[in-house]
Amino acid sequence: MNREFQEQVAGKGDNSFASCFHCLSCGAGCPAIELMDWRPNQVIRMIQRGMKKEVLESRTIWICIGCFNCLDQCPNRVDIPSLMDTLRHMAIEEGVRVPEPGILAFHKEFLRQVSNRGRVFEVGLMMRYKLATRSFFQDMGTGVRMMLKGRFQLTPGRVENPREFKEKLGGSS
Amino acid sequence: MKAQTLRALESERVISFYPGCSLTSSAREMMESYLEVASFFGLRVQTLEDWNCCGSTPAHSIRGWWGLVLPARNLLLAESRGIEELMTLCPSCFVRLWDSREKLLADEQKNKRIQDLWGATVRGYTRPVFFLESLLSVASEKVETLAPGSFRGLRIAPYYGCLLSRQRWVTGLDGHSPRKALGDLLRRLEAQDLKWGLEEQCCGAGLAVTKPELSHRLVASIHRYARRAGANCLVVFCPLCHMNLELRAPGQEALPVLYVTELLAIAAGLPHAQHWLGRHLVDPKPLLNQLRIA
């Protein structure tokens with residue numbers, strides 16, 4: 001069996017997925033399981049089997065919503081949310097096909113906002129996400145309703161010195 | 001006498017506050033109602049100057065290092081001002097601050113890199129705290145200032161959501177202890193505090209924009225279960241839950257969704273309550289008017 005991938009993943013983070021005994025608790029309580037192609041414990045087994053491509057190209061790693069139910073329920077305290085983070089980072093580094101491009105686009109746009117101003121401007125985030133994914137009409141009605149209700153801040157908030165913030169943050173990875 | 005002086009000092013305690021992005025925009029009702037209620041109870045709240053976004057889900061999801069760096073800057077701002085407790089209203093901001101602090105205190109090398117970037121290491125002097133405990137404790141202390149029986153007829157389904165329902169070692173949050181205090185307070189106001197089944201289910205807010213069909217389904221069942229248990233409103237403790245529970249609410253079946261801070265503001269009879277309530281997507285006013293609550 002190819003242990004290289006397993007060791008690579010284990011070396012990236014503080015994940016102790018080796019102790020998983022497939023009790024299925026993680027998937028049983030997962031609110032987003034219906035959108036996953038593999039259950040969380042299956043992903044662990046695939047890592048152990050060296051199925052790098054299948055794991056890094058899976059929907060599961062992008063769908064994980066970070067609610068921590070799996071970690072809370074796991075009898076072995078396997079930190080699945082962190083494992084999913086590690087796998088997403090690897091998928092980006094390796095430049096594999098991302099089966100959930102919308103989710104990645106949202107994360108990227110969010111971080112672009114953060115790096116530009118130090119804070120997120122919700123209206124700008126939504127508009128740029130819609131442009132990036134060409135989904136202008138989805139949720140437009142609710143967006144307008146929220147706007148009319150005065151639920152959005154219309155001018156972006158920022159840190160005191162956005163330029164310095166951006167320079168420092170951008171230079172750090 | 002001594003106890004009284006101590007209590008007076010306690011009530012003038014300054015609370016240092018990390019707002020976070022949604023509190024300044026889509027969850028302004030939560031922030032404004034919190035600030036007014038806090039001031040009504042005699043708490044002084046000071047916003048952390050020059051705060052930045054905690055990075056939320058996107059940072060740790062796709063740029064792990066930023067997931068530590070962004071919260072760390074806020075911790076350092078607080079440490080440099082001698083702030084021991086940094087209060088958040090958003091459970092997600094809390095978890096990001098807590099997680100970054102834990103990880104940096106456990107990893108000298110990473111903490112050294114934080115120093116190279118922001119000019120200091122995280123020493124651990126500042127601890128993030130969640131607003132609920134301190135707010136409920138002052139509210140129960142000053143419960144005589146809230147009209148007893150003023151919530152008669154209100155049948156509340158408290159919705160704690162994901163992060164407040166975990167064991168403490170998972171998220172650093174203790175969402176369980178405040179529940180009793182909340183229950184006692186609600187009983188005092190003669191509201192019903194219902195057990196209804198989905199109080200700890202995740203609402204799917206993290207995917208609300210990118211996978212709306214998922215949050216539609218999760219949110220619809222939350223409203224439906226609460227209604228079936230006899231609730232006439234949902235009460236929430238998180239800006240993201242609130243947004244999602246209103247935005248994805250199932251049309252005719254939708255229940256009004258109130259922040260716990262709005263609830264306290266109403267109980268205290270604060271004048272701005274009408275203003276916040278007007279910004280809700282599911283209008284709570286017909287219910288409150290019918291019960292002669294606000």
Note to self: Please compute the modelled spin-label separation between A:Asn76 and A:Glu7, points set 7 Å along Cα→Cβ, answer in nm with one decimal.
What the structure shows: 2.0 nm
Next item on the list: Indicate the gyration tensor shape class of segment A:16-61 (rounded, prolate or oblate), computed on the Cα atoms with a ≥ b ≥ c the square roots of the eigenvalues: a/c under 1.5 is rounded; otherwise a/b larger than b/c is prolate and the rest oblate.
Entry: oblate
Notebook entry, point to check: For B:Ile15, which sequence-distant residues (separation of 5 or more, or a different chain) have an amide H within less than 5 Å of its own amide H, given hydrogens modelled in the peptide plane?
Noted result: B:Arg44, B:Val45, B:Gln46
Checklist line | B:Leu86 long-range amide H proximity, modeled H, under 5 Å | finding: B:Arg127, B:Val129
Notebook entry, point to check: Using mean Cβ contacts within 10 Å as the protection proxy, how do B:197-204, B:269-276 order, highest first?
Noted result: B:197-204, B:269-276
Margin query: Pairs of alpha-carbon atoms within less than 8 angstrom and 6+ residues apart define the contacts here; what relative contact order does chain B have, in percent?
Written below: 18 percent
Next item on the list: Please turn the phi angles of segment B:266-271 into ³J(HN,Hα) values with the Karplus equation 6.51 cos²θ - 1.76 cosθ + 1.60 (θ = phi - 60°), one per residue in order, whole Hz, x for glycine and proline.
Entry: 5, 4, 7, x, 6, x
Checklist line | Highest-MSF residue in chain B out of B:Cys90, B:Cys54, B:Cys21 [GNM, Cα springs under 10 Å] | finding: B:Cys21
Notebook entry, point to check: Where does each of A:Ser19, B:Ser56 land when they are ranked from fewest to most other beta-carbon atoms within 10 angstrom?
Noted result: A:Ser19, B:Ser56
Note to self: Below 8 Å, C-alpha to C-alpha, sequence gap of six or more: please give me the relative contact order for segment B:138-221 in percent.
What the structure shows: 34 percent
Item checked: Value of Rg/Rh across chain B [Cα atoms, Kirkwood radius] -> 0.98
Next item on the list: Fewest Cβ neighbours within 10 Å first, please rank B:Tyr159, B:Tyr225 accordingly.
Entry: B:Tyr225, B:Tyr159
Next item on the list: Just subtract the alpha-carbon distance of B:Ser221 and B:Arg81 from 0.36 nm times their residue separation and send over the number in nm, one decimal.
Entry: 45.9 nm
Notebook entry, point to check: Taking amide H positions as placed 1.01 Å from N in the peptide plane, with prolines and chain starts having none, which residues 5 or more places from B:Tyr259, or on another chain, fall under 5 Å of its amide H?
Noted result: B:Val236
Note to self: What do you get for trypsin sites (Lys or Arg not before Pro) in segment B:82-158 restricted to DSSP loop and a cutoff of at most 16 other Cβ within 10 Å of the site's Cβ?
What the structure shows: B:Arg123, B:Lys142, B:Arg152
Margin query: Please check: in the Gaussian network model of chain A (C-alpha springs, under 10 Å), which one of A:Val123, A:Val114, A:Val159 has the largest mean-square fluctuation.
Written below: A:Val159
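Only the coordinates and a few stated rules stand behind these numbers; no lab work does. These numbers were taken from a predicted model, which means no experiment stands behind them. With ideal geometry, Cβ positions are generated from the backbone for all residues, glycine too; neighbour counts draw on all protein chains shown.
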